[in-house]
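**Q** Have a look at this one.
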Amino acid sequence: MSTAMNFSSKSFTSRPPDKGAFPLDHFGECSAFKERFMECLRHSGYESAACRQSAMAYLECRMDRRVAQLMANEPLEKLGFKDLINEKSEEKPKKS
């Protein structure tokens, strides 16, 4: 009896993940932001929570580069930065 499986009867079409992976930055458009984030990680003992501002800036850079399609535009609140956005708005002086 043959133990070989026949996979030809089912077809599988691959699709990219919704989140979690994005194209390489071939032109280095966001490399300065990436380097700041990596430097922050090194200084914080690779504690990513300490580098959330840098991570947010890096993701904003990627979303702003729509021509290169580095990342789909996504609200930062959905990416886990809601608290940092609230801090930014509180820091702005109120106009009288």
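The values are calculated or read from the model by the stated rules, or taken from the named source; none is laboratory data. Just so it is clear, the structure is predicted and the values come from calculations on it, not from any experiment. Surface accessibility is based on the protein's heavy atoms, side chains included, excluding ligands, DNA and RNA. Shrake-Rupley method; radii C 1.70, N 1.55, O 1.52, S 1.80 Å.
**Q** Cα-Cα pairs above 17 Å in the stretch 30-88: how many percent? Don't skip to the answer; put the middle values down first.
**A** Details: 713 of 1711 pairs.
Percentage above 17 Å: 42.
**Q** Roughly speaking, what is the stretch gain from residue 50 to residue 72, that is 0.36 nm per residue apart minus the C-alpha to C-alpha distance, in nm to one decimal?
**A** Working: separation 22, 0.36 × 22 = 7.92 nm, distance 2.50 nm.
Using 0.36 nm per residue and subtracting the Cα-Cα distance, I get 5.4 nm.
**Q** Just the accessible area for residue 26, please: 1.4 Å probe, Å², rounded to the nearest 10?
**A** Residue 26 exposes around 150 Å² with every protein chain in place.
**Q** Which ³J(HN,Hα) values in Hz, rounded to whole numbers, follow from the phi angles of the stretch 39-55 under the Karplus curve 6.51 cos²θ - 1.76 cosθ + 1.60, where θ = phi - 60° and Gly and Pro get x?
**A** Result, ordered by residue: 5, 4, 4, 4, 6, 9, x, 6, 8, 5, 4, 6, 10, 5, 4, 5, 5 Hz.
**Q** Using θ = phi - 60° and the Karplus curve 6.51 cos²θ - 1.76 cosθ + 1.60, what whole-Hz ³J(HN,Hα) does each residue of the stretch 26-33 get, with Gly and Pro shown as x?
**A** 4, 9, x, 5, 10, 5, 5, 5
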